[in-house]
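Everything on this sheet refers to the single structure shown next.
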């Protein structure tokens, strides 16, 4: 009998879990031809999420949980799930029911046909601000234009991954992670399913614009060196324009005897060139910072306990 793992990263999802578990229970009961495993990763929650997971574990042995020592972020929490799941395939789903568990049987059907990565594309994005939707679409376009592989637009973490994909992702131990890009990078045989994303059933999203912007920077710098090339090209263009302007001012003063215009033009040029230099240094700094973090070779996460047993 094939084993199906469902991975659910959790951060302050105490209220959502009481609504999610009955839906997962209904799913498992409707598919008795599979063995099931529910793998919850508690990512340093400060509410009663851990206590709720312990209660579910006590009532259902199919429920497993990994309790991280602090909040490492969703990307790292998913890596912990990759390390602990034991199924022949794995479905990643959020705890807030925006991604419907009712779609999983369709995913399993495609998996049985030989597809190794069955991803869910959002036909609608649920309750989301106009600005956030537009910024998300802009980010996907920028990442697609700067990457050497196809980046799936309007596709999140909700997907089914074969064991081969899981093992491939486990080998990628980057500390600065952008898992959505990794899903595309590893390749394998992919299949799309389309769904309408619902609204969060309980609680509130822990993602704010600062965190989303940081994730976007991670995505671009993880899979592309285009910002560095843009910095080089802009520097070259500005240098050429400065050289041409210098010749113009020199010839104008030498032939026509016009005095060189002073303070205002000089200040504008200095501010412009200074801004270009700071921008270039910032781009270089992002890449150097990533190299610095990777060279520390720290563990990606620390586990406090697994299914009630302390992890040393």
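The values are calculated or read from the model by the stated rules, or taken from the named source; none is laboratory data. This is a predicted model, so every value here is computed, not measured. So basically every Cβ, Gly included, is an ideal-geometry build from the backbone, and we count neighbours across all protein chains shown.
For the range 118-128, taking the residues that are surrounded by fewer than 23 Cβ atoms within 10 Å (Cβ to Cβ) and either in contact with a helix residue (DSSP H, G or I) (Cβ under 9 Å, 6 or more places away or on another chain) or in a helix (DSSP H, G or I) (or both), the one that is modelled with the highest pLDDT is identified as 119.
Return the only residue of 203, 219, 181, 198 being buried (at least 19 other Cβ atoms within 10 Å of the Cβ) and modelled with pLDDT under 75. When all the criteria are applied, what remains is 219.
Going by what's in this entry, would residue 37 be described as touching a residue at least 12 places away in the same chain (Cβ under 8 Å), out of contact with any strand residue (DSSP E or B) (no Cβ under 9 Å at 6 or more places or on another chain) and in the same structural domain as residue 110 (by TED's automatic domain parsing)? Talk me through it step by step, then tell me what you get.
Values: touching a residue at least 12 places away in the same chain (Cβ under 8 Å): yes; out of contact with any strand residue (DSSP E or B) (no Cβ under 9 Å at 6 or more places or on another chain): no; in the same structural domain as residue 110 (by TED's automatic domain parsing): yes.
Criteria not met by residue 37.
Applying the condition of being surrounded by fewer than 24 Cβ atoms within 10 Å (Cβ to Cβ) and touching a helix residue (DSSP H, G or I) at 6+ places or on another chain (Cβ under 7 Å) to the range 90-100 and asking which residue is nearest to residue 160 (Cα to Cα) yields 97. The selection criterion, being farther than 30 Å from residue 49 by Cα, at pLDDT below 80 and not in a loop (DSSP other than H, G, I, E, B), does not hold for residue 152.
What about residue 114, is it in a loop (DSSP other than H, G, I, E, B) and either touching a helix residue (DSSP H, G or I) at 6+ places or on another chain (Cβ under 9 Å) or modelled with pLDDT of 85 or more (or both)? Spelling it out, residue 114 is indeed in a loop (DSSP other than H, G, I, E, B) and either touching a helix residue (DSSP H, G or I) at 6+ places or on another chain (Cβ under 9 Å) or modelled with pLDDT of 85 or more (or both). Within the option set 298, 304, being under 30 Å from residue 176 (Cα atoms), modelled with pLDDT of 70 or more and part of a loop (DSSP other than H, G, I, E, B) holds for one residue only, 298.
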